[in-house]
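For reference, the structure is listed below as structure tokens.
Please treat every number below as a calculation from the coordinates, not as lab data. Please read these numbers as outputs of a predicted model, since none were measured by experiment. Every residue, glycine as well, gets a Cβ built from its backbone with ideal geometry; the counts of neighbours run over all protein chains shown.
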Amino acid sequence: MINPVIIIPARMSSSRLPGKPLADLGGKPMVVRVLERGLEADVGPVIVACDDPRIADVVRDAGGRVCMTDPELPSGSDRVYAALCVVDPEGHHDVVINLQGDSPTTKPDLIQASLTVLRQSDFDIATVAVKKTDLAEAHNPDICKIALAGSENDHVRHALYFSRSVIPAGANIFYYHIGLYAYRRFALKRFVQSPVSSLEALERLEQLRALEIGLRIGVRLVDSIPQEVNTPEDLERARVYFEHHSC
């Protein structure tokens, strides 16, 4: 048995899209859309870890729980861990799901899928990925790819490496990584207390730090990719989506 908590990191000062958590999507701020996705998963309490009273106000107005965190924290993972230490200092929650605050279309079954990895295996961290055959996408450096061990028939695979480059070389498929993580509590603590690693700095992918310090990452293969909102163009696509979908 595990006792998960979902924590959504949200900060105002995005370099490419300032004020992103409060961007309107079909009449609701983005952070509220993400909060709703977390609640729909129905796996445990959902808390928004934010750095600005304006975010806190809209979350509370929507009936959500908030934890204020230091605006100077270097990453979403650090913000998640800081909030965890405040809301659960006794350590009741042994699994922490980092639900990205800029993925408002994340389906509840993706969140649930990440938990099955930790329920059924001894991996330290769980994440999700989609098998893709469009190799033009594989060459996009904005898409993170994963090299996986195990059989193609396995629903859960072992992550060997993450890269912005095409991996493995010569493959006719690739695995598109979705930035949703479920951490065992000790693994999140060890991760945030470790310095930025050399591979992490080169690839600009923090999950490489976890691999370099010896944490094992299990990957559940899923069928859908949520929309991430990182640029004004992404925001317009998300707005179109919510014009046609209630959730």
Return the distance in nm (one decimal) between the two label points of a simple spin-label model at Met12 and Val86, each offset 7 Å from Cα along Cα→Cβ. 1.5
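Assuming 0.36 nm per residue, please report the length gained on full extension of the stretch Thr133 to Ala147 beyond their Cα-Cα distance.
On the way: separation 14, 0.36 × 14 = 5.04 nm, distance 1.45 nm.
Going from the current span to full extension adds 3.6 nm.
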Ranking Arg65, Arg11, Arg204 by Cβ neighbours within 10 Å, fewest first, what do you get? Arg204, Arg65, Arg11
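How high is the relative contact order of the chain, given as a whole-number percent (alpha carbon pairs under 8 Å, six or more residues apart)?
Values: 494 pairs, mean separation 55.3, N = 247.
Normalised by residue count, the contact order of the chain is 22 percent.
Going by how many other Cβ atoms sit within 10 Å of their own, how do Leu148, Leu199 line up, fewest first? Spell out each step's value before the answer.
Details: Leu148 24, Leu199 16.
Going from least to most buried by this count: Leu199, Leu148.
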With the dipole of the chain worked out from charges on the C-beta (+1 for Lys and Arg, -1 for Asp and Glu) around the Cα centre, which of Leu73, Asn230, Ala10 lies farthest toward the positive end? Leu73
With a/c under 1.5 counting as rounded, go ahead and sort the range 1-103 into rounded, prolate or oblate using the C-alpha gyration tensor (a ≥ b ≥ c being the square roots of the eigenvalues; past the cut-off, prolate if a/b is larger than b/c, else oblate). oblate
Rounded to the nearest Å, the spacing of the alpha-carbon centers of the range 41-71 and the range 109-146 is 26
Could you tell me the convex hull volume per residue, in Å³, taken over the Cα atoms of the chain? 126
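If you place +1 on the Cβ of every Lys and Arg, -1 on the Cβ of every Asp and Glu, and leave all else neutral, what size is the dipole of the chain about its Cα centre, to the nearest 20 Debye?
On the way: 27 positive and 33 negative charges, 53 e Å.
Dipole about the Cα centre, nearest 20: 260 debye.
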Ranked on Cβ counts within 10 Å of their own Cβ, fewest leading, His155, His177 go His155, His177
Using +1 at the Cβ of each Lys and Arg and -1 at the Cβ of each Asp and Glu in the range 118-238, identify which of Ala129, Ala171, Gly150 lies farthest towards the dipole's positive end. Gly150
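Taking 0.36 nm per residue of sequence separation and subtracting the Cα-Cα distance, how much length would be gained by fully extending the chain between Ile213 and His245, in nm to one decimal?
Values: separation 32, 0.36 × 32 = 11.52 nm, distance 4.17 nm.
Length gained, Ile213 through His245: 7.4 nm.
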